[in-house]
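Peer 1: I'd like to ask some things about the structure below.
The values are calculated or read from the model by the stated rules, or taken from the named source; none is laboratory data. Small disclaimer: the values here were computed from a predicted structure and weren't measured. All Cβ positions, glycine included, derive from the backbone under ideal geometry; neighbour counts span all protein chains shown.
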């Protein structure tokens, strides 16, 4: 490629051309995560590009989450494209009722919908591991720490379904979910989160799908009161909700 500088008449800039060329090089040469990229000088010679063009292309690839520049090593290939997008989205995200409902609606589709798979796959060891993660929430040292442990519980719960695609999709939402989880994580919030998780685990241990779905749905709605103060508290309920007609089968 030639270093043509600023694009004219809608043509692609030299930097964009180089970014595309480097991405093509990574794909065609079979480079993978952890492999080093050629040095800036080598890239310039290989693609006949000016030093400033190479540096700008490397900066863009880093922002895209394709490479990471490390001391004494140089540019190394990584796989953080989704993280880069979600971190930007999370930074710009305004915590509103609509945002909460959107994210929790996504979670409900997965975490309530996966009930049958969890009940079929769950073991005693799984329940013990989840209980330990849940107990650790009570000793969190900050809202960020509590949110991280809360997310770890839900991710570990989903992992029981043995569906790598579902878990991978869920994990891509971690920055957004953790931001919502940080709301209300004061002392009473920690206790309520722990209690809600314990109810979910009890339902799972009993292989009670309807009870699991009810408690999970209720738990996912819990945080809305910290965002929208006008939301009325939920009506009182008893553990015998099924006898009262709750929950309905989703």
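Peer 1: For region 120-135, state whether one or more residues are within 27 Å of residue 99 (Cα to Cα) and surrounded by fewer than 17 Cβ atoms within 10 Å (Cβ to Cβ).
Peer 2: No, region 120-135 has no match at all.
Peer 1: Still on this structure, I have one more. Within the group 196, 147, which residue is closer than 21 Å to residue 105 by Cβ, assigned to a helix (DSSP H, G or I) and under 19 Å from the mean Cα position of the chain (by Cα)?
Peer 2: After applying the criteria, what remains is 147.
Per-residue answers, yes or no, for (1) under 30 Å from residue 170 (Cβ atoms); (2) surrounded by 13 or more Cβ atoms within 10 Å (Cβ to Cβ); (3) modelled with pLDDT of 90 or more:
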{"site": "3", "(1), (2), (3)": "no, yes, no"}
{"site": "6", "(1), (2), (3)": "no, no, no"}
{"site": "23", "(1), (2), (3)": "yes, yes, no"}
{"site": "42", "(1), (2), (3)": "no, no, yes"}
{"site": "46", "(1), (2), (3)": "no, yes, yes"}
{"site": "56", "(1), (2), (3)": "no, yes, yes"}
{"site": "66", "(1), (2), (3)": "yes, yes, no"}
{"site": "71", "(1), (2), (3)": "no, no, no"}
{"site": "82", "(1), (2), (3)": "yes, yes, no"}
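Peer 1: How many residues does region 117-135 contain that are more than 15 Å from residue 196 (Cβ to Cβ), part of a helix (DSSP H, G or I) and touching a residue at least 12 places away in the same chain (Cβ under 8 Å)?
Peer 2: 7
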